[in-house]
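Participant: For reference, the structure I am asking about is given below.
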Amino acid sequence: MRPKISLLWLLPCLIAPAGCSNKKIVPLLGRWEGGFTAEQIAGTEPKDIKRFDLKGYLMLYATEYRFKMHLEGEQEAVDLSGSWAPKGAQVILSPKDESIDDYGGAEVRNPNKRFIPIPLVKQAYSSPIVLNVGAGNKKLSGPLFSIGQLSGRHEFTRS
C-alpha cells in the first residue's frame, strides 16, 4: 500500500513542470499572417521581384508541437506540415510533408506570370526554417532563405 501512496504524491510534481513549459509557447500559438518576401535573384535585379512573393499563413499548434504553413504564388501553392521547436528567441520549423499545387501543370501555365520551379521549392523546404521572434511576440522573421537562385525572407505577423 505504501508504494501506491508515494507514487500518487509524486504525480503532481511530474505534471507541474510540463504546465510551466507551456507558458513560454502560448504567445506563439495560433495563426500568423505573412509569407516569403523575395528580395533578389542571383546575378540580376528584376524590376518586378515582388511578383515572386509567396503569401499565406503559418499555424503553430501546441499538440505535439505541430505546424502548418500555406503559401501561394502567382502560379503555385505550397502546403507544408511538420514539427516546430522554440529555442530561445527563435522558432525552428522542421517540415516533414509538403504538397505543391502548380495549378494544372506546364500545359496551362501562363508565361506572363511568375513561377518558381517545383523541384527548387521542394529542395528549399526540405531543410529547417528558422524564424526569429520579434519584440512583443507579434512578429516572426527569418534570415535570408534561398529557393534556387531566388533569395528572400519569411516574415509573419500576428494581428
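Throughout, read-outs are computed from the coordinates displayed, never taken from laboratory work. Just so you know, these numbers come straight off a predicted model, no measurement behind them. Counting neighbours? That spans all protein chains shown, and the Cβs are built from the backbone with ideal geometry, glycine included.
Participant: To two decimal places, what compactness ratio does the chain give when its Cα radius of gyration is scaled by 2.2 N^0.38 Å?
Facilitator: 1.33
Participant: Please give the residues of the range 29-49, grouped as numeric ranges, whose backbone N is less than 13 Å from a label point set 7 Å along the Cα-to-Cβ vector of residue 158.
Facilitator: In the range 29-49, the label zone of residue 158 (backbone N under 13 Å from the point 7 Å along Cα→Cβ) covers 29-33.
Participant: Related question: So what's the back-of-envelope 222 nm ellipticity for the chain, counting only DSSP H runs of four-plus at -39500 (n - 2.57) apiece and dividing by all residues, rounded to 500?
Facilitator: Result for the chain, helices only: -6500 deg cm²/dmol.
Participant: Using only the alpha-carbon atoms, how far is helix 2-25 inclined from the longest principal axis of the chain? Give it as 0 to 90 degrees, nearest 10.
Facilitator: On a 0 to 90 degree scale, this one is about 30.
Participant: Here is a follow-up. Suppose a student asked you for the relative contact order of the chain, using Cα pairs under 8 Å spaced at least 6 residues apart; what percent would you report?
Facilitator: Answer for the chain is 22 percent.
Participant: Testing the spin-label approximation: label points 7 Å from Cα along Cα→Cβ at residue 139 and residue 112. State their distance in nm.
Facilitator: It is 3.6 nm.
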